[in-house]
Structure formats: C-alpha cells, structure tokens
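Here the structure comes first, spelled out in structure tokens, and everything after it is commentary.
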C-alpha cells in the first residue's frame, strides 16, 4: 500500500504542472501586451511572478515527497541526473531536465538587469521547453496519466497554451514590437 508521501508527491506534481501552465499562459499574455479588464499590467506581472515562485515550491514538494516515499525508491542522484532511474527513465529524465532548465530561467530572472533584456528574453524562452518537457513527463511518467480528469487537464493545458501562442504570434505579425529604450546619457 502506498503512503501519504506517494499521494503528496502525485498531488504536488499535478499542482506544479497546473501552476506552470498558468504561468506560461500569463507570460504569453504579458509578452503580447494583452489588456485584461480591471487588471493593470503591473498586477498581471506580479501574479506571473507569484505563479512562477509557487510553481517552484510545488516542484520542490513533488520531489521531496518522492524522496521520502519508500515505494518510489527515488534518491538524490535520480533527482539530479537525467536517466538515472529505472522507472520509465526517459519520461522521468524529461522531468529532471525540466526542473534544471526552470532553475536556469529562475537564475536568469535574478540576473535580469545584468544580462540585459534581449539575453534574458532568449533565456526566458526556455520556459516553453520546460513546459513541453513537463507535459511529456506527466503523461509518460505519471501514474495517474490515464485517468480522465488528468487527461482533461493535459488537453485543456495544451489547447490553452497553443491558443495563446497562436494569438501571440498573430499579434506580433500585426503589431510591431516597440523600439528598445535608449539610456539617457549624463552630461
């Protein structure tokens, strides 16, 4: 019989995925300069940042609960090294890679001013790779992936992100990006 750690790990993984999807959707809306009624842009940005932090918290809970669980046989090595597990190694490796890339994006957020906007934005595009890898990880390694409610979550998530990206790409073709801000030179 599986213990509470096993259920906590599964629940935390699903919540982390839902939060990641929400963060990706808000990020696409922000990048496309979407106008949300009654929500100023700074508030949407703050919600996006909060979702990103909360995603990280639930990923940590997911991994920690798996390490604690005696049934899953997850070690620090299998968490850090892609493919080091015997349980569905490819699919679990995608989760490991997703977490490691997400950590790189998080570090780039902390260094955003030093990196400059263009470099930060290129690194930030890795979030799409993270989201795709997390989706595949959940479908391929998740023990609940065949349940109807989780399939629906994946369908809605993939459909929503695809629709948002289609909107964003279409909007970019119609509305030119603003010119980069120039620094004022002191006299």
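The values are calculated or read from the model by the stated rules, or taken from the named source; none is laboratory data. Everything numeric in this text was worked out from a predicted model, so none of it was measured. Cβ atoms come from the backbone with ideal geometry, glycine included; neighbour counts cover every protein chain shown.
Assorted remarks:
- Boolean, residue 16 is closer than 28 Å to residue 120 by Cβ, free of Cβ contacts under 8 Å to residues at least 24 places away in the same chain and surrounded by 15 or more Cβ atoms within 10 Å (Cβ to Cβ): no
- Helices (runs of 4 or more DSSP H) enclosed by region 23-131 - at least 2 residues per element that are over 25 Å from residue 170 (Cα atoms): 41-68, 76-80, 89-110, 112-115
- The C-beta contact set for region 42-59 (first residue under 23 Å from residue 11 (Cβ atoms), second residue not in a helix (DSSP H, G or I), distance under 9 angstrom, 6+ apart or interchain) comprises 47/39.
- Residue count, region 19-41 (criterion: free of Cβ contacts under 8 Å to residues at least 40 places away in the same chain and within 21 Å of residue 79 (Cβ to Cβ)): 1
- Region 136-150 - residue that is out of contact with any helix residue (DSSP H, G or I) (no Cβ under 8 Å at 6 or more places or on another chain) and in a loop (DSSP other than H, G, I, E, B) and, of those, surrounded by the fewest Cβ atoms within 10 Å (Cβ to Cβ): 146
- When residue 133 is tested against (1) at pLDDT 95 or above; (2) within 21 Å of residue 32 (Cβ to Cβ); (3) surrounded by 13 or more Cβ atoms within 10 Å (Cβ to Cβ), only condition (2) is not met.
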